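Structure, as C-alpha cells:
What follows is calculated from the coordinates using simple rules that are stated; it is not laboratory data. In this text, all values refer to a predicted model and were calculated from it rather than measured experimentally. Using ideal geometry, Cβ is built from the backbone for each residue, glycine included, and neighbour counts are taken over all protein chains shown.
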C-alpha cells in the first residue's frame, strides 16, 4: 500500500525478517521510523557539531543547514538515496585559515565556491558518468588526499590536548574503552560518548560555565551570515572538492551494495549535485560545508533499514535543533581539553581511512608511481608546506598535497606509458 511521499509499508511495519532489508522506498510504522530517525540524529551529531566548535562557527547555524541540506538531498535524488549531510571535516583546515585572515565572511566565500564547483561536477557526471572521476582519482590518489587531511590537522588536536591534559586523557580513554566494550550503538558512537564522558569530567572539575546557556533563548533564528569577497582564500578550499567527490561516490556505491539495488548507482550525479547545492546554501547563509556520512551508513547496516523516511525525520529534527539558540550555547560550552582528547582519535581516524582505501583496493606499493604519489603528498600535507603567490594567494599543506597527489600520479603514469606501456591504475571503490 502506498503511503505518504510514496513509501510502501514493509511487511507488517513492525519487524524486519532475519534475511530481509527495508529498502529506500519502504518504511516501517511511523513510531518505529521516528525512532530510527532518532538513531540517525545521534549518529550524525557527534561529528556535525565538532566542526563548528573546532572552527568557531555557530553550532546552531551549522545544524540548521545540515538539516536543510539533508532534506534538499532527498528531494534532488528522488527520495531514492538514503543519506544524511553532516559537516565535512575536510573544511576544518581551510575554514580555520580563512577565518584567521579574512574573518567568517571569507571562509563562507570558500565554502560557497566549493559547493558551486561540486554541483558543476555533479551536472557533468549526470551527463558523462563517473569514469573520468575514477581515472582522475585512482585509489592511491584518493587515499593520499584523505590521509593527509587528517594528519595535517594533528597539530590542532595536540594543541587543545595540552590546554587541559587530564580532561583530554579522560576523553580519549573513554573513546578507546567504549569502542571496545560499549554495547551496540554506544560502541558505534564512541566519539560522541567519549565527548559526553569528558564533558562530565570537566564539569565536575569546574571547567564548564553554563552562564551563556542560561541566557540563551529556547527558540530563535540561527546566526546567519553572508560571504565577503576574499579571493585569496579560494585556493585552500578548492581541493576539498576532490574529497567531497570521493565521499559521495563511495557513499552511493556502499548504499547500492548494502541495499541490494544496483540502480542506486545511477544517482551518483544527482548526489554530487545535491551535496554541492547544500554546501553552496550553507556558505551563502553562514553554515559549514556538508558531505554524506559514513556514521549513518553504519546505523543502516546494523538495522538493515535503508528507508529514506528515517532521514526525513532526522533532517526535520536537525532544522528544529538549529532553531534553538540554547542548543548552540550548550554545544559551545565544550572545553578545549575535551576537544583535544576526541580529535586526537578523530583526526587520526581520518588519516587511517586514507590508508584503508589503499588496503581495500589492494594498491601495489611496490610500484614507484604509487610510492612517490603517496610519499610526496603526505609529506607536503603533514608538514603543512605553504607557498605564496603574490600578496594575496597562499596555498597551504592540504591544497598543495592534494594537487601534488593528482599531478605526481598522472605525470609519472604518463612517463611510464611512454617508456614501458600502460600501467594498471585501478579504480576507486572504497567508501571514504
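Rounded to the nearest 0.05, the FRET efficiency derived from the C-beta distance between residue 362 and residue 209 at R0 = 30 Å is 0.05. Using the Cα gyration tensor of the range 242-281, with a ≥ b ≥ c the square roots of its eigenvalues, what is the shape: rounded (a/c below 1.5), prolate (a/b larger than b/c) or oblate (neither)? Since a/c reaches 1.5 and a/b is larger than b/c, the shape of the range 242-281 is classed as prolate.
In the chain, the DSSP beta bridges split such that about 70 percent are antiparallel, to the nearest 5.
Using just the Cα positions, wrap the range 265-392 in a convex hull and report its mean projected area in square nanometres, one decimal place. Walk me through the intermediate numbers first.
On the way: hull surface 52.6 nm².
Reported value for the Cα convex hull: 13.2 nm².
Residue separation times 0.36 nm, minus the C-alpha to C-alpha distance between residue 8 and residue 34: what's the value?
Details: separation 26, 0.36 × 26 = 9.36 nm, distance 1.58 nm.
Answer, rounded to one decimal: 7.8 nm.
Starting with the fewest neighbours, write out 218, 231 ranked by other beta-carbon atoms found within 10 Å of each beta-carbon.
Values: 218 9, 231 13.
So the residues, fewest neighbours to most, are 218, 231.
Within 10 Å of each residue's Cβ, count the other Cβ atoms and sort 73, 210 from fewest upward. Kindly include the intermediate steps, with their values, before the conclusion.
Details: 73 28, 210 11.
Starting with the residue having the fewest Cβ neighbours, the order is 210, 73.
Remark: 247, 260, 26, 134 ranked as 260, 134, 26, 247, counting other beta-carbon atoms within 10 Å and listing the fewest first.
Per residue Cα convex hull volume for the range 25-90, in cubic angstrom?
Working: hull volume 5.8 nm³, N = 66.
For the range 25-90, the hull spanned by Cα atoms encloses 88 Å³ per residue.
Extension gain, residue 387 to residue 349: 0.36 nm times the residue separation minus the Cα-Cα distance gives 10.9 nm. Per residue, the convex hull around the alpha carbon atoms of the range 46-129 comes to 100 Å³. Once both labels are positioned 7 Å from their Cα atoms along Cα-to-Cβ, the gap between residue 177 and residue 229 label points is 5.6 nm. Eigenvalues of the alpha-carbon gyration tensor of the range 1-151, scaled by 5 and square-rooted, set the equivalent ellipsoid semi-axes at 33, 21, 15 angstrom, largest first.
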